[in-house]
Amino acid sequence: MRNEPIVPPATIGMMGGGQLGRYAIIAARTMGYRTLVVDPDPSAPAGAVADVHLIAAYDDPAALQRITLDCDVVTTEFENPPAGALDHLAERVRVAPSPASVRIAQDRIAEKRFLVDNGFTVGPYLVLDEPETVIPPGVVASVVEGGAIVKTARLGYDGKGQRRVADTAGMHAAWAELGGVACVVERVLDLDLELSVIVARTADGRIEPWPVAENRHVDGILDVSIVPARVDDSTADRAIGIASAIADALGYVGVLAVEMFVVGGELLVNELAPRPHNSGHWTLDASATSQFEQQIRAVCGVGLGRTTMTAPSIAMVNLLGDLWANGTPDWSVVLDEPRAKLHLYGKSPARRGRKMGHLTVTSQVATEAVERALDLRRRCAR
């Protein structure tokens, strides 16, 4: 596909209707684009704000035909649309990121191999992909003994499709429990910090990164992000350099998130997300350009916006369905705080572990922003 800039009032197609798509669609409509969302859920958050919501499976032939007729570019808001559907679209309309990039990021085995083959450092791991898989006992012990996590190669996220194990017997039991599907087994590491770097890249190789985020997870789900991360300048520069190099190696177009571990001062790449990312929600409230506007800019091939922070520091906390256990939270607690911003995604029902929204707090000092954000979340629960 030719790479001339796509400008309003062109139509942008979105595969996926979750909250990431919702914010990208809002950004696109603000900029003057028309929007079309494909998602089988009639109540998909992005569908509620798009010009057109096709309630259909991602590989539905009629929906794919409509997209190719109506859209000037197609992008994604999650990593698991059927690769075949993206290939079909890419033969007829511009698709960004490319099906090849998404195919790598939606399979943990392919992702690990891509990273290793391109010289990026990852933690110790092994692959379980066939019932007759034979792995030397010493290799298994080096990864599993002392603790490991068995993860399905596909579809697992936010702690789903994962089992923590303590030894080889536990690994095989977990693999069976997960259905014997292809899995990666990752050694549990003694982490200094978890970081993420989000970068935007255009087809002609322009890259804009955001400041590094420091992340905390609970039960495999992101709980808190702090920006800028509390690391030295050298570590931050190295992290941004790694993320930018990965985007280049992929020939990536769009917004890409790279999750990393800091272990003994060394940076290890954990996972890639070929889309805007939960840890980048803060950009809505404290960046010159949000990750969602930048996604639209990047896939349309227009100029990228500045990514400088508009506050000294910011903390974001996720609002999970657990918070609704005793009824709708008292949002007045958050709305009464002038430094806080509340974001709800329009999802229903509220379920345990489901991401329903997030809130952010800006401050002069990162520790104060985190403490205030956590306190607001605690106080709004009934």
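Going by the conditions given, is residue 224 closer than 26 Å to residue 162 by Cα and either in contact with a Phe, Trp or Tyr (Cβ under 6 Å, 6 or more places away or on another chain) or in the same structural domain as residue 80 (by TED's automatic domain parsing) (or both)?
Judged against the criteria, residue 224 is not a match.
Is it fair to say residue 311 is crowded, with 21+ Cβ neighbours inside 10 Å and either in contact with a strand residue (DSSP E or B) (Cβ under 9 Å, 6 or more places away or on another chain) or not assigned by TED's automatic domain parsing to the domain that holds residue 204 (or both)? Full working, then the answer.
On the way: crowded, with 21+ Cβ neighbours inside 10 Å: no; either in contact with a strand residue (DSSP E or B) (Cβ under 9 Å, 6 or more places away or on another chain) or not assigned by TED's automatic domain parsing to the domain that holds residue 204 (or both): yes.
So residue 311 does not fit the description; no.
Look through segment 195-222, keep the residues that are in a loop (DSSP other than H, G, I, E, B) and not charged (D, E, K, R), and return whichever of them is nearest to residue 266 (Cα to Cα).
212
Please state which of the following conditions residue 66 fails to meet, knowing it meets all the rest: (1) surrounded by fewer than 19 Cβ atoms within 10 Å (Cβ to Cβ); (2) assigned to a loop (DSSP other than H, G, I, E, B).
(2)
Would you list the helices (runs of 4 or more DSSP H) that sit entirely within segment 77-174 and hold 1 or more residues that are within 22 Å of the chain's Cα centre (by Cα), touching a residue at least 12 places away in the same chain (Cβ under 8 Å) and buried (at least 18 other Cβ atoms within 10 Å of the Cβ)?
Numbers: elements: 83-90, 99-105, 108-117, 137-144.
Here the list reads 83-90, 99-105, 108-117.
Please find, within segment 228-250, the residue that is farthest from residue 117 (Cα to Cα) out of those that are without any contact (Cβ under 8 Å) to a residue 12 or more places away in the chain and assigned to a helix (DSSP H, G or I).
233
Residues that are at pLDDT 95 or above, out of contact with any His (no Cβ under 8 Å at 6 or more places or on another chain) and acidic (Asp, Glu): does segment 207-214 have at least one?
yes
Determine which member of the set 244, 287 is polar (S, T, N, Q), out of contact with any Gly (no Cβ under 8 Å at 6 or more places or on another chain) and closer than 11 Å to residue 210 by Cβ.
287
Let me spell it out: the conditions are (1) among the small types (Gly, Ala, Ser); (2) in a loop (DSSP other than H, G, I, E, B); (3) under 27 Å from residue 252 (Cα atoms), and residue 225 meets all of them except one. Which number is the exception?
Exception for residue 225: condition (2).
Going by the conditions given, is residue 264 more than 19 Å from the chain's Cα centre (by Cα), of a type outside the set (Ser, Thr, Tyr) and under 19 Å from residue 26 (Cβ atoms)?
no
Under 8 Å between Cβ atoms, at least 6 apart or on separate chains: pull out the pairs that start in segment 356-371 with a residue that is more than 30 Å from residue 17 (Cβ to Cβ) and end on any residue that is modelled with pLDDT under 95.
366/230
For the structure I just gave you, tell me whether residue 83 is farther than 16 Å from residue 169 by Cα, modelled with pLDDT under 95, of a type outside the set (Val, Ile, Thr) and in contact with a strand residue (DSSP E or B) (Cβ under 6 Å, 6 or more places away or on another chain). Even if it seems obvious, please write down each step before you answer.
Working: farther than 16 Å from residue 169 by Cα: yes; modelled with pLDDT under 95: yes; of a type outside the set (Val, Ile, Thr): yes; in contact with a strand residue (DSSP E or B) (Cβ under 6 Å, 6 or more places away or on another chain): no.
In short, no.
Assess whether residue 321 counts as being touching a helix residue (DSSP H, G or I) at 6+ places or on another chain (Cβ under 9 Å), farther than 30 Å from residue 6 by Cα, surrounded by fewer than 22 Cβ atoms within 10 Å (Cβ to Cβ) and not assigned by TED's automatic domain parsing to the domain that holds residue 46.
no
The values are calculated or read from the model by the stated rules, or taken from the named source; none is laboratory data. Note that the structure is predicted; figures quoted are calculated from it, not measured. Counting neighbours? That spans all protein chains shown, and the Cβs are built from the backbone with ideal geometry, glycine included.
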